[in-house]
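> One structure is given below, represented as structure tokens, and several questions about it will come after.
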Amino acid sequence: MSWLVSHPQRLIDFLKARSSGSFSIKALRRAMDANGCRVNGKIERFASRRVEKGDLVTFAVSPKIEGGEI
């Protein structure tokens, strides 16, 4: 999944809004810890990072994280 940021905010807040409630914040953080998030092509592991307008956020969740195995 990839999205363009429309206004500045924390990365975790951006991902939570885009996931439409499909994932808890804990699951989103686990995915980030497992290198499942990229901002402008670079791996991002800090949930508190501020994303800016125009940033490209790519997010992928592995089946292990979805099932809560990690």
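> Give the residue that is nearest to the chain's Cα centre (by Cα), with candidates limited to residues of region 25-50 that are small (G, A, S) and farther than 12 Å from V61 by Cα.
Top of the filtered list is A47.
> Looking only at residues that are assigned to a helix (DSSP H, G or I) and open to solvent by 60 Å² or more (accessible area, probe 1.4 Å) in region 1-16, which one is farthest from E52 (Cα to Cα)?
K16
The values are calculated or read from the model by the stated rules, or taken from the named source; none is laboratory data. Keep in mind that what you see is a predicted model, and the values were worked out from it rather than measured. Ligands, DNA and RNA are excluded from the accessible area calculation, which covers all protein heavy atoms including side chains. Shrake-Rupley method; radii C 1.70, N 1.55, O 1.52, S 1.80 Å.
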